[in-house]
Amino acid sequence: MQQEPIIICDNLVKVYRLLGLEIMALQGLDFVAMPGEFVAIVGASGSGKTTLMSMIGGLEQPTSGWIHVANHELSQMNQKQLNKYRQNSVGFIWQHATRNLLPYLTSRENIELPLLIGGSLTHDKEEYIDQLLKMVDMTDRSNHRLSELSGGEQQRIALCIALINHPKILLADEPTGELDSNLAKQLFDTLRKLQKELDLTIIVVSHDNEIKKFVDRVVTIRDGRVATETLKQTIQLVEKLPTETPLEESLQETDHQFEEMAIFDSSGNIHIPDEYRKHLGIKRRAKIELIDDAILIRAVENDDGTTLKSIQQIREQKMQIQIETQGNVFERIYQAGRKRLHTKKKEKQSDDG
Ligand code: ADP
Ligand code: MG
């Protein structure tokens, strides 16, 4: 029987409105993940990665399109249903996840605290905490205060907290942003172990392309759309090796072989890498031709890119206005805050005096 995807994002659009300006964070994004997959989403800053994660995590709802995660139709759910979904169906770790931990409590106490507050700390949960601590190799450090742990160790405690309610999906937004490459590798080893032992689907976001070494599949987002997908290629290369090569060796040989593929969105759009277009002098128009087993894309004459240039200019102007307006608004909010503070101080002084 073929498995059903655990995450389906269909033509997701997210528009943020800020002071009459519209920011298209996602522009018709399609994304699917199968149960138990370990997928990385990479892309430049501002490409829409966090927006997508917030949507899969039920923190934000799309402007249009639909999103289905672990038997939940998120785009149709109300706030109460979304709260429950966030509590039970997904676990999160963020780049600054450890900032929410309390330095003067022990690792164990930090994991127990949210359960104590919510009144759901049971004997079973206590046992599960032991299991989780063991899986992330933190049993020995469970009675150490957070302030005595390294950044990587604190991150492991954040992982236990994310997994305490047995979610099927773990979302991690730039989890290695503050770790050096050695610690980052360790974190990915731990994630891989958790994925196997807890049957998790893991989605990790990063701006770092190197992450592809650690995952099964990499999806690249550009301008709020999926542009390419990279799969680890194993079978082909194993076949090419001499048959007497031991399996372990042949797997090591193939470990870091990747194949990047362009992705068509549901309207048939595809992203051609900028450097290819530049190389051929393609700006706005191209000829497309079907040959035997391929499609040729050729530059056309008189492609001066005029229309494209004006679109780019308008976009840049809009961005500039956006940045300036945002700046002004923050400045005004800041000044208003200072003024209030000043008035309060004055009032207090006159009260005291
Ligand atoms: P990434 O995580 O890839 O850096 P984001 O998803 O954070 O990208 O942002 C995508 C775009 O949406 C950016 O242009 C960003 O400025 C904008 N954006 C994100 N969140 C908001 C928000 N709450 N309000 C307005 N604009 C936002
Ligand atoms: Mg982000």
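Taking the range 3-30, which residues are closer than 23 Å to L198 by Cα and either of a type in the set (D, E, K, R) or part of a strand (DSSP E or B) (or both)?
Filtering the range 3-30 for residues closer than 23 Å to L198 by Cα gives 3-8.
Within the range 3-30, E4, I7, I8 qualify.
Report those helices (runs of 4 or more DSSP H) wholly inside the range 47-140 carrying at least 2 residues which are touching a Lys or Arg at 6+ places or on another chain (Cβ under 9 Å) and not aromatic (F, W, Y).
Counting at least 2 such residues, we get 49-56, 107-118, 123-135.
So which residues in the range 75-106 are closer than 18 Å to P167 by Cα and touching a helix residue (DSSP H, G or I) at 6+ places or on another chain (Cβ under 8 Å), if there are any at all?
L82, Y85, V90, G91, F92, I93, A97
Suppose we filter L74, L82 for residues that are free of Cβ contacts under 8 Å to residues at least 60 places away in the same chain and either within 16 Å of ligand 2 (Cβ to nearest atom) or farther than 28 Å from T228 by Cα (or both); which single one remains?
Values: L74 fails: either within 16 Å of ligand 2 (Cβ to nearest atom) or farther than 28 Å from T228 by Cα (or both).
Criteria check complete, one pass: L82.
Would you point out the residue of the range 44-55, among those that are more than 9 Å from ligand 2 (Cβ to nearest atom) and surrounded by 22 or more Cβ atoms within 10 Å (Cβ to Cβ), that is farthest from Q87 (Cα to Cα)?
Filtering the range 44-55 down to residues more than 9 Å from ligand 2 (Cβ to nearest atom) leaves 44, 52, 54-55.
Right, trim to surrounded by 22 or more Cβ atoms within 10 Å (Cβ to Cβ) and you get 52, 55.
On the way: L52: 18, M55: 15 Å.
Here the residue is L52.
Would you check which residues across the range 263-297 are at positive phi and surrounded by fewer than 10 Cβ atoms within 10 Å (Cβ to Cβ) and list them?
Going through the range 263-297, the residues at positive phi turn out to be 268, 281.
Within the range 263-297, just G268 meets the criteria.
Restricting the search to the range 37-82, which residues are within 10 Å of ligand 1 (Cβ to nearest atom) and aliphatic (A, V, I, L, M)?
Once the filter is applied, which keeps residues that are within 10 Å of ligand 1 (Cβ to nearest atom) and aliphatic (A, V, I, L, M), the range 37-82 yields I41, V42, A44, L52, M53, M55.
Every number here is computed from the coordinates shown, using simple stated rules; none is lab data. In this text, all values refer to a predicted model and were calculated from it rather than measured experimentally. Methodologically, a virtual Cβ is constructed for each residue, glycine included, from the backbone with ideal geometry; neighbour enumeration extends over all protein chains shown.
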